[in-house]
Amino acid sequence: MACEAEKKKKKKIGIIGAGMSGLLACKYTLQKGFSPIVFEAQDCIGGVWSKTIESTRLQTPKSYYQFSDFQWPNSSVTDNNNNFPYHYQVVDYLYSYASHFNILSLIKFNSKVIAIDYCTQLEQQKEEDDDDLASSWQLWGGTGLAFSPLGKWNLTVQNLLHSSIHVHKVDFVIVCIGMFSDLPNIPQFPMKKGPEVFNGKVIHSMEYAVMGSLEAAEFIKQKRVAVIGFQKSALDIAALVSNINGVRHPCTLLFKKVYWTIPAYLNEFNFKNLNRFSELMIHKPGEGFLLWLLALLLSPLLWIFSKAIESYLKWIYPLKRYKMIPKHSFLEQICSCKLPVLPQNFYDKVKQGSLILENFQTFSFCKDGLRIVINDDENVTTVEADIVIFATGYKSDQKFANIFNSVDFQKYITGSSAPFYRECIHPRIPQLAFLGYSEHPSALFSTEMRTKWLSNFLAGKFKLPTIKEMEENVMKWENYLRRHYYSNNKGNYKRSCGSVLLQIYCNDELCKDMNFNPRRKKNVFSEFFSPYTPMDYADIL
């Protein structure tokens, strides 16, 4: 036993990022006896939670957004306002977790990983042929195990304080750089129709978020601001700007597509209905005839639920008055991981005139603002602005790919439309895992389960299938999604949303891999009709 523990301690785990995923990776690999080292580009932990706009708060009820072995302080869910903490409360919670499990001392702050290289250990193998060797393996890493004697990773790390560069050799890499940061998604414009012709300032929501509340407020004060987008960041920024500038300098929110938005309490209601019974209504990849028939018979209940929510939202919000009724169903939107919580009093701001809604088909810049084409008749109008803020998301896949020096590994990330095996392992990239890639109703919940799975894999509790079997599993998931949920909505397919409606089903798969009982409740009734929370998996280590 002592010899085995010593072997584990010698295995170095390189973790890139000290957000929620990186903290989980560090805690569980340390718990398994390995030697993790975390590289964080910022001077603090928390990822996107540490640099965000003032009004940002959890959209997930905190009972679902918590570590299975570390509850929120004074964890009471009776107060609705307390059930959706602000971003600074989330950061405090993450710091408490890191301190409790002695993680902070293992983090190298201001250390940016600028590239990673996989290098084989075979003397006769030339470095430039490393990728060819990896692509020829039938088993992941050549052995099917987490650690292979055939190769290691070199992490090139830049110290942002001293501009020095060091190379760290590790046995395994866990990439925890997040989906919503660093590489903004900004539209391309024809010549002389982009930001270069605009007299004002153009930024991305990422830049606005890092300003801090006082600087951000001063930046937009008494300015004509146009916000482009309709997801969470766009809605929050638009609401914040309208609060500060009022009707004298109204904020214009421009968007190409209307999405369903919900109040926080309805989101909490949805979480309470995520149970095994609700998942029986959902088709599953590779399902047998009985599960297929059951999902078919129960599917009207899912349709009724979707229509009931749509009707309720039309009742509580003036969607028809402001032409804000989406053309797609509520269910389709959930499948695409796009369900923003609407800021409080949003439509009151629209009514009073401090927030203007503009739906467009195309837009371009002009000297005084934006020229937008509203409909098929090509009616053009100008939105005058001093500041334009793009809240148009991030190029997440490209960001993940850019970290590799290998062109082949880059293509593995961007060239495939399918998700990773178990949403964290790429069959063709050895000794490396991604955490925080998959989008779920609760990011922390799903990431912790995959971290437990990964740490057990690292500890040798199970082996991976062959590369071919993993790739077949990956394609099975993609074909299932495209057939059942994106057949009429192909443009919204997102591989990171592979299992958004099947969190319990996916956790069952992870539990079976780890040889744990997937049934976590005390009786049959609770098993099927009670929601699953992180606490149900607390004994899985």
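The values are calculated or read from the model by the stated rules, or taken from the named source; none is laboratory data. Since this is a predicted model, take the numbers as computed values, not measurements. We place every Cβ from the backbone using ideal geometry, glycine too, and count neighbours over all the protein chains shown. Just the protein is used for accessible areas: all its heavy atoms, side chains included, with ligands, DNA and RNA removed. Shrake-Rupley method; radii C 1.70, N 1.55, O 1.52, S 1.80 Å.
Ranked from highest to lowest mean number of other Cβ atoms within 10 Å per residue, what is the order of the peptides 211-223, 464-476?
464-476, 211-223
Report the antiparallel proportion of the DSSP beta bridges in the chain as a percent, rounded to a multiple of 5.
50 percent
Sorting check: for 161-169, 254-262, 448-456, 360-368, which peptide has the highest mean count of neighbouring beta carbons within 10 Å, and how do the rest follow?
The peptides rank, most packed first, as 448-456, 254-262, 360-368, 161-169.
State the percentage of accessible surface on the chain attributable to carbon and sulfur atoms; use a 1.4 Å probe and exclude ligands, DNA and RNA.
53 percent
Go ahead and estimate [θ] at 222 nm for the chain from helices alone: -39,500 (n - 2.57) per DSSP H run with n ≥ 4, summed, over the residue count, rounded to 500.
When only DSSP H runs of four or more count, the value is -10500 deg cm²/dmol.
Over 25 Å between Cα atoms: which of LYS27/LYS108; LYS284/LYS461; LYS468/LYS521; LYS284/LYS452; LYS223/LYS320 fall into that group?
Pairs exceeding the cut-off: LYS284/LYS461; LYS468/LYS521; LYS223/LYS320.
For the chain, just say rounded, prolate or oblate: build the C-alpha gyration tensor, square-root its eigenvalues into a ≥ b ≥ c, call rounded for a/c under 1.5, and beyond that prolate if a/b exceeds b/c, oblate if not.
Taking the square roots of the gyration eigenvalues as a ≥ b ≥ c, the chain is prolate.
Would you mind computing, in nm to one decimal, how far apart the modelled labels at LYS307 and VAL167 are, each placed 7 Å from Cα along Cα→Cβ?
6.4 nm
Over the stretch 1-71, calculate the relative contact order: mean separation of alpha carbon pairs under 8 Å at least 6 apart, over the residue count, as a percent.
30 percent
So what does GLU527 come to for accessible area, using a 1.4 Å probe and Å² rounded to 10?
We get 10 Å² for GLU527.
Lys and Arg at +1, Asp and Glu at -1: add these up for the other residues within a Cβ distance under 15 Å of GLY17 and post the number.
That works out to +3.
Just subtract the alpha-carbon distance of PHE277 and ASN517 from 0.36 nm times their residue separation and send over the number in nm, one decimal.
Difference between extended and current length: 84.6 nm.
Using a basic spin-label model with each label point 7 Å from the Cα along Cα→Cβ, how many nm lie between LEU298 and PHE189?
Result: 5.0 nm between the two label points.
With a 1.4 Å probe and every protein chain left in place, work out the accessible area per residue of the chain in Å², rounded to a whole number.
Heavy-atom SASA per residue in the chain reads 46 Å².
Which whole-number percent gives the relative contact order of the stretch 28-101, counting Cα pairs below 8 Å spaced six or more residues apart?
Once divided by the residue count of the stretch 28-101, the mean separation gives 36 percent.
Which residue, SER55, LEU302, LEU160, has the largest displacement toward the positive end of the dipole of the chain when charges sit on each Cβ (Lys, Arg +1; Asp, Glu -1)?
LEU302
Could you work out the relative contact order of the chain, using alpha carbon pairs under 8 angstrom and six or more residues apart, expressed as a whole percent?
Relative contact order of the chain: 21 percent.
Looking only at the stretch 51-75, which residues have a backbone nitrogen under 16 Å from a spot 7 Å from the Cα of LEU541 in the C-beta direction?
Under cut-off, by backbone N: 68-70.
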